[in-house]
Amino acid sequence: MKLPAEREAVAAACRRLAAEGLVIQTAGNISVRTGDAVVITPSGGVFEELDAEQMTILDLAGNVIDGRHGPSSEVALHLGVYERLAHAGAVVHTHAPVATALSCVVDEVPPVHYSMLALGGAIPVADYATFGTGELARNVVAELERAPATLMRSHGATTYGNDLDGAVEQMRLLEWACTVYWRARMIGEPAVMTQAQAEDVVKVYTERNYGRLSEA
Ligand code: 13P
């Protein structure tokens, strides 16, 4: 079996996203790029049950080079990200419930909390197209060339990262941000961060090297 560690990492990420309620049944797909190979979830795989040997391995042209199952129907989306974004090492697509609800309604999710700056600020919504099509892949990749995370009209969400952990954490953060925005909108009109506020946050993050444990 080729790339056992990468296969196991993708399977573990699938089970985690299912356990956290971001994916039900087969509603998502994950891939990791390593060199000129891509480990991707099989089409129709139930996330909570996926294991390493069910993964499919592709080359960057989409040819199956290892695996017993056909790859995700969203191969074009995943390979499109790797083709256009050289730094992308992993892609996560889900139908996370709040992100998906917002994808049916809004044209973007504005930055109402400073944590959303890690998602690029405002979260765009890629135009609708049928799942598994080249058109959907093009619509999503076009948004991801501008922002590290996007909703997909009446469908779900896609994130990417330098590595699998990064892409998964972006998806978890995206669902959290969508939940905050939804709840805030239920209460009233949320304040959208200004450019100056955003710049101040980036400055403090950088000065503090925020996000790492430091010595006392
Ligand atoms: P696959 O099971 O083919 O990956 O499809 C799931 C999905 O979410 C399509 O957008």
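Readers should treat all values here as calculations from the given coordinates under stated rules, not as data from a laboratory. Remember, predicted model here, so these are calculated numbers, not experimental data. For neighbour counting, all protein chains shown are included, and Cβ atoms are generated from backbone atoms with ideal geometry for every residue, glycine included.
Label-to-label distance for A142 and A12 is 3.8 nm, based on points extended 7 Å past Cα in the beta-carbon direction. 3J(HN,Hα) along the stretch 116-123: 6, 5, 5, 9, x, x, 5, 9 Hz, from the Karplus curve 6.51 cos²θ - 1.76 cosθ + 1.60 with θ = phi - 60°, whole Hz, x for Gly and Pro. Note on the chain: with a GNM built from Cα contacts shorter than 10 Å, the maximum mean-square fluctuation among V32, V112, V125 falls on V112. Dipole of the chain computed with +1 at Lys/Arg Cβ and -1 at Asp/Glu Cβ about the Cα centre; of G120, P97, Y205, farthest Cα towards the positive end is P97. Pairwise Cα distances in the stretch 59-211 exceed 26 Å in 28 percent of cases.
In the chain, helices alone account for a calculated mean residue ellipticity at 222 nm of -12000 deg cm²/dmol, with every DSSP H run of four or more residues adding -39,500 (n - 2.57). Here the stretch 52-106 is treated as a Stokes sphere of Kirkwood radius computed over C-alpha pairs; at 10 °C and 1.306 mPa s its diffusion coefficient rounds to 121 µm²/s.
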